Amino acid sequence: MKQSILVTGGAGYIGSHTTLALLEAGHDVIVLDNLANSSQESLRRVERICGKTATFIEGDIRDRELLDSIFARHSIQAVLHFAGLKAVGESVQQPLAYYENNVSGSIVLFQAMAAANVFNLVFSSSATVYGEPKEMPISESCPTGTPTNPYGRSKLMVEEILRDLAISESRWSIALLRYFNPVGAHVSGLIGEDPNGIPNNLVPYISQVAVGKLQQLSVYGNDYPTIDGTGVRDYIHVIDLANGHLKALNVIIESTGINTWNLGTGQGYSVLQMISAFEQAANVEVPYAVVARRSGDIAECWADPKKAIQELGWKTQHNLEDMMRDTWRWQQKNPNGFGK
Ligand code: NAD
Ligand code: UDP
């Protein structure tokens, strides 16, 4: 039987771009997604781009019977685990839904993997696990902090569960990938980020203002100790992020143990710099007003990506202009996203 990669949450934003990269690299891909925050249209578009098809299974990572049947029917070499809920504000309102999906769901998945003797795992973690960073840039040796919301805590909990697992059973080979701020879209404009309702994140918000769906951007605070007073983040193109998964996959398949890698560019940009870069790339004006700080936000956060560069042989290839141009192309071609 040909070996496959199981991608949980593969219909979502980062999962669909990674599914595309896997198919393009010649992997056989099975996507498991309950479509809670996505549409199968993303996978049809992936097929249009590369001419190859991922097997799609609509279902939930919390469904142990379904997982057992997937592992029984297919020869799975590794799991890329993207599935989960990710809206920070919603996680404060509905902590149990977040812990159930992100933590309990992950436990069910890991149990099913162990029962099927599948021990290669790439987990979608987040820079949010560093909490309020004490120094910049953030390297993997910086201690994890106290995430300010249930979403962030759910990521840290799963990381800790995976560390315990790796100690308990030496066959596990695990990559904890800590993403910084994923933005952008595939250059075709066929797949991209399709947030539900009003976006929480900066770049989708800016592009919806630019396309006329929203009136103006609120800039959350201009009194931070940063270059221009607005928050600074490390934005990474989703294609670079997807490639980081392929590199991590190659490494874990050849080794065992658990490793953490930051996936960021190493370069921080402020909110005002992001607005101006978008305006230049799209040639549109983005009206904004400065409002109060958003609770839970930190002043600045950017990665030291050296470890991933050295150990994964990975390097980002897209700059800020690419991120903005590709976001804008996706937004213009799909003003209503996938229409989910
Ligand atoms: P997304 O919402 O677009 O993708 C997540 C996918 O998982 C969706 O397709 C959703 O339908 C699916 N899903 C959710 N719960 C599920 C369940 N119980 N069973 C099966 N499928 C389920 O989000 P994304 O931006 O692509 O993020 C992917 C992963 O990366 C998530 O784990 C997220 O927490 C993590 N992450 C994202 C960011 C970011 O800014 N986008 C940053 C750091 C980490
Ligand atoms: N931000 C903003 N207005 C928005 C959304 C975000 O000013 O409508 C700021 C936010 O305060 C932060 C930066 O943009 O400084 C990135 O925020 P985002 O929510 O995209 O990512 P995260 O907070 O997870 O790093």
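The values are calculated or read from the model by the stated rules, or taken from the named source; none is laboratory data. Note that the structure is a prediction, hence the values are computed from the model and not measured. Reconstructed Cβ throughout: ideal geometry from the backbone, glycine too, with neighbour counts over all protein chains shown. The accessibility values were calculated without ligands, DNA or RNA, using every heavy atom of the protein model including side chains. Shrake-Rupley method; radii C 1.70, N 1.55, O 1.52, S 1.80 Å.
Key figures for this structure:
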read-out	value
Evaluation of G339 against (1) assigned to a helix (DSSP H, G or I); (2) within 16 Å of ligand 1 (Cβ to nearest atom) (one fails), failing number	(1)
Subset of the stretch 276-327 (residues that are basic (K, R) and open to solvent by 80 Å² or more (accessible area, probe 1.4 Å))	R293, R294, K306, K315, R325
Wholly enclosed strands (runs of 3 or more DSSP E) of the stretch 174-280 bearing at least 1 residues within 17 Å of Q317 (Cβ to Cβ) and touching a residue at least 12 places away in the same chain (Cβ under 8 Å)	181-183, 235-237, 257-263
Flag for Y269 being within 16 Å of ligand 1 (Cβ to nearest atom), more than 16 Å from the chain's Cα centre (by Cα) and among the aromatic types (F, W, Y)	yes
